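Read through the structure below, which is laid out as structure tokens, and then see the notes.
The values are calculated or read from the model by the stated rules, or taken from the named source; none is laboratory data. Quick caveat, the model's predicted, so the values are computed rather than measured. Quick reminder, even Gly has a Cβ in these numbers, built from the backbone with ideal geometry, and neighbours come from all protein chains shown.
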There are 2 protein chains.
Amino acid sequence: MKVAVGVDIGGTNTVIGIVDQNGKVILKSNIPTPGHGDFERYTADLSNSIKKLISEAREQIKNLKVMGIGIGAPIGNYHTGTIDFATNLSFKGRLPVVESVRRHFAEMPVIVLTNDANAAAMGEMMYGGAKGMRDFVMFTLGTGVGSGIVANGNLVIGADGLAGEIGHSVLIPGGRVCSCGFAGHLEAYCSAPGMKKTALEMLDQNRNSDSLISNIPESELDSKMIFEAAEKGDKIALEVFEKTGEWLGMGLANTVYHLSPGAIFLFGGPTAAGDLLFKPAKACMEKNLLSIYKNKIDILPSKLNPGDAAITGASAMVWKELEK
Amino acid sequence: MKVAVGVDIGGTNTVIGIVDQNGKVILKSNIPTPGHGDFERYTADLSNSIKKLISEAREQIKNLKVMGIGIGAPIGNYHTGTIDFATNLSFKGRLPVVESVRRHFAEMPVIVLTNDANAAAMGEMMYGGAKGMRDFVMFTLGTGVGSGIVANGNLVIGADGLAGEIGHSVLIPGGRVCSCGFAGHLEAYCSAPGMKKTALEMLDQNRNSDSLISNIPESELDSKMIFEAAEKGDKIALEVFEKTGEWLGMGLANTVYHLSPGAIFLFGGPTAAGDLLFKPAKACMEKNLLSIYKNKIDILPSKLNPGDAAITGASAMVWKELEK
């Protein structure tokens, strides 16, 4: 049985999974990302954990063949195999991820790195709702807004390996400050913190409202609480989703003009709100599209298992590499 | 000697060229686009003109082998081989370009259609400044703003064959009305008519200026005259280019966040202004880019011969098809 290892390097935890060719996670484990000393020690510990997990999998499954290791990380660069100047990791500078892991797996057919949203897009294509699609875009809504682009059946990585940062394109010139410091980016409006900001702005404009979220301390409020309030019919919470969807739809239209995708997939916490987010996003995207594009492009929820999407996506990169 | 036929279908004229594998135009001719009666008669006349040109070329060159016919046209759809509801052509509805031409060239190895900006990008890759590049974007500045995207060494066509309409992405929400009727599109600011509009707005704000362009009747003013005034140091004309460049740079940054191209090529009349346009575009693009993208992406003038770019670009599609 052929499997791939998927690794998701996050700021707090690194998750490791053994994934089969259908995207099923056979086994998984994790190690903390910080606290190992330098980056070489971290990758040594990570490699040991991968080896241990492979051994465990071998005990369960006869003839297990590990075809490669796919690694996803914010700003992970496919071309160079490095993570450069990550703001969410304790390691500094340019981190030679592939080179370091390769030292521990000399015989592994494939070791590949990419950013987490690209990995998610690969996962969607291999195991999820984008099976058989050759042109689609995936947006991951969370702390930030990530994106992964597939065109002509291949991941669009770009000359510098940095394609798919659509969250940082300008939605409203001179608008809200983004996590990156620039003004008006899509991410500043459509990420989970962006939704919180929208809620706070709306509460500020409606000081006498009896909104359910008006009682939540500002420091505790998050997009999940806004969703819960919206589910109870809270007017301001509903408006937050409506407005977030509209902003997202505006941004998606710009992406359609670039790429003419067959579908757009949304992934991440806020997508649990379903129609509350998808309906205004679709309506606003359509409103901003020329007639030649209208009513052709679905906005769909990701079919990846949210808990495992990062590792299954990373593992999908391995199968894609082996096709080459 | 292997050659390809390049055809450029414009609203007024259809230009036909016999082009060699280095992008050199061996022979060219043209027929008016309207005035043939229905679309079938037009393609019959076009096909006869192509045959005639091939015969003439055979007289000049021994062993001439025509490998295919590449056709470029606004909103020409690669997937379907049709032009759908063109606003600039006298023919109505869905025009089956490839099917109709194929009737006259049963044995031709390749007959392929795409939109004119995509064709220009292919020309740049095959014969121009993008030789050897696998990831770049080309913008054509003229009556509109077209674009062609190359990623992973292939043209990005999109699920519906309509990728690369970046000119219609929103630059300034609620801004200037575009030729398509929507507000705030990049094209409304950076096309030749957009530049004229900018000039008129600036003249309106500076009623007492002695600008050289203030004496030109509004109906006659065009981007070339603005360029000529700018060359003479005219302050308002210079400002028009500065501002156009800034808007373009803003738009290019959004494209970089999508695609991380190795370079961006600019083609078309306004690019003759050189640094007057390229410098503010580059500066404004850089200003809008995250540090991981900075100082990596050149904005370059197209190396295609302006007069022949449409037919050489269309011919380039043939070689690309033959690679498949």
message: Could you go through region A:162-181 and let me know if any residue there is in contact (Cβ under 8 Å) with a residue 40 or more places away in the chain, among the β-branched types (Val, Ile, Thr) and farther than 30 Å from B:Ala183 by Cβ.
response: no
field: Subset of region B:224-242 (residues that are more than 17 Å from B:Lys279 (Cβ to Cβ) and not in a loop (DSSP other than H, G, I, E, B))
entry: B:Lys224, B:Met225, B:Glu228, B:Ala229, B:Ile236
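Each row is one residue, and each column tells you yes or no for (1) within 21 Å of the chain's Cα centre (by Cα); (2) crowded, with 16+ Cβ neighbours inside 10 Å; (3) of a type in the set (Val, Ile, Thr).
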residue	(1), (2), (3)
A:Asp20	yes, yes, no
A:Val25	yes, yes, yes
A:Ala44	no, yes, no
A:Ile54	no, yes, yes
A:Arg58	no, no, no
- line: Within region A:260-285, restricting to residues that are within 13 Å of chain B (Cβ to nearest Cβ) and free of Cβ contacts under 8 Å to residues at least 60 places away in the same chain, the one that is surrounded by the most Cβ atoms within 10 Å (Cβ to Cβ) is A:Met285
query: How many of the residues making up region B:109-139 are over 14 Å from B:Gly76 (Cβ atoms), out of contact with any Lys or Arg (no Cβ under 6 Å at 6 or more places or on another chain) and either within 12 Å of chain A (Cβ to nearest Cβ) or not aliphatic (A, V, I, L, M) (or both)?
result: 13
- request: Return yes when A:Gly194 is closer than 17 Å to A:Thr114 by Cβ, surrounded by 19 or more Cβ atoms within 10 Å (Cβ to Cβ), at pLDDT 95 or above and touching a helix residue (DSSP H, G or I) at 6+ places or on another chain (Cβ under 7 Å) and no when it is not.
  value: no
query: Is one or more of the residues making up region A:233-245 in contact with a Cys (Cβ under 8 Å, 6 or more places away or on another chain), at pLDDT 95 or above and within 14 Å of another protein chain (Cβ to nearest Cβ)?
result: no
query: Within region A:207-220, can one find any residue that is part of a helix (DSSP H, G or I) and buried (at least 24 other Cβ atoms within 10 Å of the Cβ)?
result: no
field: Residue check, A:Gly93 of a type in the set (Gly, Ala, Ser) and free of Cβ contacts under 8 Å to residues at least 24 places away in the same chain
entry: yes
statement: Scanning region B:151-198 residue by residue, the ones that are among the hydroxyl-bearing types (Ser, Thr, Tyr) and out of contact with any Phe, Trp or Tyr (no Cβ under 9 Å at 6 or more places or on another chain) total 2
message: Cβ-Cβ distance below 7 Å, separation of 6 or more or different chains: which pairs start in region B:6-17 with a residue that is among the charged types (D, E, K, R) and end on one that is part of a strand (DSSP E or B)?
response: B:Asp8/B:Thr14; B:Asp8/B:Val15; B:Asp8/B:Gly72
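Every residue, every condition in (1) hydroxyl-bearing (Ser, Thr, Tyr); (2) out of contact with any Ser or Thr (no Cβ under 9 Å at 6 or more places or on another chain), yes or no:
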site: B:Gly167; (1), (2): no, no
site: B:Leu171; (1), (2): no, yes
site: B:Ser209; (1), (2): yes, yes
site: B:Asp222; (1), (2): no, yes
site: B:Gly245; (1), (2): no, yes
message: Anything in region B:306-324 that is touching a Phe, Trp or Tyr at 6+ places or on another chain (Cβ under 9 Å) and free of Cβ contacts under 8 Å to residues at least 40 places away in the same chain? List them, or say none.
response: B:Pro306
query: Has region B:303-316 got any residue that is within 30 Å of B:Val15 (Cα to Cα) and within 14 Å of chain A (Cβ to nearest Cβ)?
result: no
message: Residues to consider are B:Thr80, B:Thr87; find the one that is within 14 Å of chain A (Cβ to nearest Cβ), in a loop (DSSP other than H, G, I, E, B), within 18 Å of the chain's Cα centre (by Cα) and not charged (D, E, K, R).
response: B:Thr87
task: Take B:Pro217 and decide whether it is more than 30 Å from B:Ala163 (Cα to Cα) and of a type outside the set (Gly, Ala, Ser).
output: yes
query: Given A:Gly167, A:Gly181, A:Gly161, which one is of a type outside the set (A, V, I, L, M, F, W, C) and modelled with pLDDT of 95 or more?
result: A:Gly167
query: Of the residues that sit in region B:290-302 and are surrounded by fewer than 20 Cβ atoms within 10 Å (Cβ to Cβ) and over 20 Å from B:Ser191 (Cα atoms), which one is nearest to the chain's Cα centre (by Cα)?
result: B:Asp298
message: Given the condition more than 11 Å from chain A (Cβ to nearest Cβ) and over 20 Å from B:Ala253 (Cβ atoms), answer yes or no: does some residue in region B:159-174 qualify?
response: no
- prompt: Somewhere in region A:92-103, is a residue surrounded by fewer than 22 Cβ atoms within 10 Å (Cβ to Cβ), over 22 Å from A:Ala120 (Cα atoms), modelled with pLDDT of 95 or more and of a type in the set (Lys, Arg)?
  reply: yes
- prompt: When residues of region A:200-209 are filtered for being closer than 19 Å to A:Gly233 by Cβ, touching a helix residue (DSSP H, G or I) at 6+ places or on another chain (Cβ under 9 Å) and not hydroxyl-bearing (Ser, Thr, Tyr), how many remain?
  reply: 3
query: Mind checking which residues of region B:143-158 are within 26 Å of A:Lys287 (Cα to Cα), in a loop (DSSP other than H, G, I, E, B) and more than 7 Å from every other protein chain (Cβ to nearest Cβ)?
result: B:Thr143, B:Gly144, B:Ile157
message: Give me the residue from region A:292-302 that is outside any loop (DSSP other than H, G, I, E, B) and among the β-branched types (Val, Ile, Thr) and, out of that set, farthest from the other protein chains (Cβ to nearest Cβ).
response: A:Ile299
Any hit, region A:43-64, residues being closer than 22 Å to A:Gly158 by Cβ and in a loop (DSSP other than H, G, I, E, B): no
- request: Filter region B:19-33 for residues that are free of Cβ contacts under 8 Å to residues at least 60 places away in the same chain and part of a strand (DSSP E or B) and give the result.
  value: B:Asp20, B:Ile26, B:Leu27, B:Ser29, B:Asn30, B:Ile31, B:Pro32
- line: A:Leu289 passes all but one of the listed conditions (1) out of contact with any Asp or Glu (no Cβ under 7 Å at 6 or more places or on another chain); (2) of a type outside the set (S, T, N, Q); (3) part of a helix (DSSP H, G or I); the exception is number (3)
